[in-house]
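The values are calculated or read from the model by the stated rules, or taken from the named source; none is laboratory data. The model shown is predicted, which means the values in this text are computed figures rather than measured ones. Positions of Cβ are generated from backbone atoms using ideal geometry, with glycine treated the same way; all protein chains shown enter the neighbour counts. Calculation scope for accessible area: heavy atoms of the full protein, side chains included, ligands and nucleic acids excluded. Shrake-Rupley method; radii C 1.70, N 1.55, O 1.52, S 1.80 Å.
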Amino acid sequence: MPAVLGFEGSANKIGVGVVQDGKVLANPRRTYVTPPGTGFLPGDTARHHRAVILDLLQEALTESGLTSQDIDCIAYTKGPGMGAPLVSVAVVARTVAQLWNKPLLGVNHCIGHIEMGRLITGATSPTVLYVSGGNTQVIAYSEHRYRIFGETIDIAVGNCLDRFARVLKISNDPSPGYNIEQMAKRGKKLVELPYTVKGMDVSFSGILSFIEDVAHRMLATGECTPEDLCFSLQETVFAMLVEITERAMAHCGSQEALIVGGVGCNVRLQEMMATMCQERGARLFATDERFCIDNGAMIAQAGWEMFQAGHRTPLSDSGVTQRYRTDEVEVTWRD
């Protein structure tokens, strides 16, 4: 019964999780929150992670009821993500692995999300919509790879929402995307925004530039409310995501869709995806904020799958990479 300890810290979330044979035994997490109207810088984020990571490690062990002797492997996020936060977490993971004399596993962050989603929902072979602050991809498994069928050609959908939140000076606590979602529920007017789908790919930079440009003018003249703009932005970008996901499902003949990543816990996105799946006679799988948002357990779960399949990361290769595509990883643990 292997138990894997997972470290995640690729962006502003830092988490340490413990997974043992398909059960999440612990999953504590902290978030680096910045003032309204600002984002989070790599150096500041890394300092936050370094300040709390050992407390999180102790919390995870206490919560799981395990000791260092019970842990069989140490997994950490190798990438993709922000350089400084990734390094700060990788250093701790390497150190713990050597102190405890445990094997080390570098995990692809995106695959961590997918494996966590599969574990929690029970989806067998879904078409995956992976949406977060740093990534936007439509993925399906084929021949030992998670193949990318479509993706953003510029910024991620979560980054688009976060940056618009800065324009309106929306709070970053608990997250700008969550606060936009709550404001959008009170929106009544749909403002027409650019809709940019290019084949299987999407583009969010143009819609962001447009709404940044017109927001203050429209608000000043009373043409719309901040809630209307949040509503309009959500409806437009989510419709784009649903379109490319449905096209990938049609191509793959898939009857399952799985939403993962931090934006995946947005209830409106889940509603729109559910409608599309219902019309196709397919099933939608999604998780809540415990597992959608970056967390240590997802890295532990992907690490558990890799550990069982015989993967190991030598210390000489235990660095990080800010660019680490989902389809670079050979998925030997699936048929």
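When region 81-111 is filtered for residues that are surrounded by fewer than 21 Cβ atoms within 10 Å (Cβ to Cβ) and either within 15 Å of TYR324 (Cα to Cα) or not assigned by the TED database to the domain that holds THR45 (or both), the ones remaining, listed by number, are GLY83, VAL87. Of the residues ILE120, ILE114, the single one that is open to solvent by 10 Å² or more (accessible area, probe 1.4 Å) and either among the small types (Gly, Ala, Ser) or touching a strand residue (DSSP E or B) at 6+ places or on another chain (Cβ under 9 Å) (or both) is ILE120.
In this structure, ILE148 does not qualify as buried (at least 16 other Cβ atoms within 10 Å of the Cβ), assigned to a helix (DSSP H, G or I), in contact with a helix residue (DSSP H, G or I) (Cβ under 7 Å, 6 or more places away or on another chain) and β-branched (Val, Ile, Thr). Residue-level analysis places LEU258 outside the set of residues that are over 21 Å from GLY17 (Cα atoms) and open to solvent by 30 Å² or more (accessible area, probe 1.4 Å). Restricting attention to region 152-166, does a residue exist that is over 26 Å from HIS251 (Cβ atoms), in the same structural domain as GLN255 (by the TED database) and in a loop (DSSP other than H, G, I, E, B)? Taking every residue of region 152-166 in turn, none turns out to be over 26 Å from HIS251 (Cβ atoms), in the same structural domain as GLN255 (by the TED database) and in a loop (DSSP other than H, G, I, E, B).
Kindly provide the set of residues from region 18-32 that are part of a strand (DSSP E or B) and small (Gly, Ala, Ser), ordered by number. Answer for region 18-32, where residues must be part of a strand (DSSP E or B) and small (Gly, Ala, Ser): just ALA26. Checking each residue in region 217-241 for being open to solvent by 10 Å² or more (accessible area, probe 1.4 Å), in contact with a Leu (Cβ under 8 Å, 6 or more places away or on another chain) and in contact (Cβ under 8 Å) with a residue 24 or more places away in the chain picks out MET218, THR225, PRO226, ASP228, PHE231, GLU235, THR236. Residue count for region 1-51 under the criterion of being open to solvent by 30 Å² or more (accessible area, probe 1.4 Å), under 18 Å from ASP173 (Cα atoms) and of a type in the set (A, V, I, L, M): the result is 2. Going through GLU243, GLU223 one at a time, which residue ends up being acidic (Asp, Glu) and part of a loop (DSSP other than H, G, I, E, B)? Step by step, each of GLU243, GLU223 is checked, and only GLU223 is acidic (Asp, Glu) and part of a loop (DSSP other than H, G, I, E, B). Restricting attention to region 301-335, the residues being in a loop (DSSP other than H, G, I, E, B), open to solvent by 90 Å² or more (accessible area, probe 1.4 Å) and outside the structural domain of PRO103 (by the TED database) number 5.
Residues in region 175-200 that are in a loop (DSSP other than H, G, I, E, B), of a type outside the set (D, E, K, R) and out of contact with any Gly (no Cβ under 6 Å at 6 or more places or on another chain): SER175, GLY187, LEU190, VAL191, LEU193, TYR195, GLY199.
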